[in-house]
Amino acid sequence: MEVFSTRAEWRAANDEARRRGGSVGFVPTMGALHVGHRSLVEAARRSCDTTAVSIFVNPLQFSDPEDLERYPRPLSADLTMLEAAGVDLVFTPEVTEIYQRFPVMPETRITVAGPAEGFEGGGRPGHFDGVATVVALLFNLTGPATAFFGEKDFQQLAVVRTMVADLGMAIDVVGCPTLREDDGLAVSSRNARLSAPGRRAATVLSASLRAGAAVIEAGASAPEAESTMAERVSAVEAATLSYACVVDPTTLRAPSELIASQTYRLLIAAVIDGVRLIDNMGAVAGTAP
Ligand code: PAF
């Protein structure tokens, strides 16, 4: 495994991998790697000749400087994990390598209007502009590649897909399925912050999504599925619902009506025992009246 810290080295290493006739699978991360990241690396290794991972905690996507300060940076453990996972190339730039006039932030920002609005973008103004800008920059430095993102952050995936399509970037975006615990809870580093009762209560998110998906699959409307999800969450004392919505999986807009056989996405977020958790699930609309 080779580790690079400058833009020029990273670009050259990826160019060299392609020159040898191979495809590059790219996994952008902010480090603090867990099994979810490992599954993205495994997906990249399965379908590409060279696996490239970046580790960069992006200040542009944090609105609270304390959150940025507190963000874990276990670089040596991350590198050990990536080496064991069979990664070929790792990019670990300093902030001044990415934002070259730091602390002055770049003048250029990418705004992906539709899918970045509401949900996780609602309470965090500029968050998805920060994500899209750094991902575009990393894509430019990496060059033509297949990029792997977790479906767990479904809104981020939709933002990246839209940006790549709208700007004609030479990147194939692959969404990888959310990893789940045996009881259905989506794997997330935030789960470690839950108390034992909070951890039990947290299963309400995936249970609500499954119930909402069943409603859609039975042919009912989006508002009916949304009420089903909301009722499930409100029955759990430790949970406060942020949103439970049925959306078009590309635009993340609310569909005016569900069309049979089309796939929709159910998005949910709730605060459980003081910890904000998100989850999502796909569902194909059924034909019942
Ligand atoms: O999902 C993340 O870890 C980050 O948002 C990403 C895509 C690496 C951009 O900083």
Q.
For a test of the definition: using alpha carbon positions, the gyration tensor, and the 1.5 limit on a/c, classify the chain as rounded, prolate or oblate.
A. prolate
Q) Magnitude of the Cβ-charge dipole of the stretch 181-256, K/R +1 and D/E -1, about the Cα centre, nearest 20 debye? A) 300
(Q) How would the stretch 64-107 be classified by its alpha-carbon gyration tensor: rounded, prolate or oblate, with rounded meaning a/c under 1.5 and the a/b versus b/c comparison settling the rest? (A) oblate
(Q) Using only Cα atoms and rounding to the nearest 10 degrees, what angle (0 to 90) does helix 127-142 make with the longest principal axis of the chain? (A) 40
Q) What per residue convex hull volume, in Å³, comes out for the stretch 38-168 when only alpha-carbon positions are used? A) 120
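With +1 on each Lys and Arg Cβ and -1 on each Asp and Glu Cβ, how big is the dipole of the stretch 99-245 about its Cα centre, in debye rounded to the nearest 20? Write out the running numbers ahead of the final one.
Working: 12 positive and 16 negative charges, 96 e Å.
With only Lys, Arg, Asp and Glu charged at Cβ, the dipole is about 460 debye.
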**Q.** Residue with peak Gaussian network fluctuation, the chain [Cα springs, cutoff 10 Å], from S242, S76, S47
**A.** S76
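For the stretch 192-271, rounded, prolate or oblate, judged on the Cα gyration tensor with a ≥ b ≥ c (square roots of eigenvalues), a/c < 1.5 rounded, else prolate if a/b > b/c? Can you show the working numbers first?
Values: a/c = 2.55, a/b = 2.09, b/c = 1.22.
Prolate is the answer for the stretch 192-271, as a/c is 1.5 or above and a/b outweighs b/c.
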Q | Angle in degrees between helix 7-19 and the longest Cα principal axis of the chain, rounded to the nearest 10 | A | 90
Q.
Can you compute the charge dipole magnitude of the chain about its Cα centre, using +1 on each Lys and Arg Cβ and -1 on each Asp and Glu Cβ, nothing else charged? Give it in debye, rounded to the nearest 20.
A. 240
**Q.** Computed [θ] at 222 nm, helices only, for the chain once each DSSP H run of length n ≥ 4 contributes -39500 (n - 2.57)
**A.** -12000 deg cm²/dmol
Q. Hey, what angle do you get for helix 203-217 against the long axis of the chain, alpha-carbon based, 0 to 90 degrees rounded to 10?
A. 70
Q: Post the alpha-carbon centroid distance, the stretch 165-191 to the stretch 54-102, in whole angstrom.
A: 19
Q.
Test of understanding: in a Gaussian network model of the chain with alpha carbons linked when under 10 Å, which of V135, V104, V204 would top the mean-square fluctuation ranking?
A. V104
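Rule-based calculations on the coordinates, nothing more; no lab input. It should be emphasised that the depicted structure is a prediction, and the values quoted were computed from it without experimental measurement. Please note: Cβ atoms are built from the backbone with ideal geometry, for glycine as well, and neighbour counts cover all protein chains shown.
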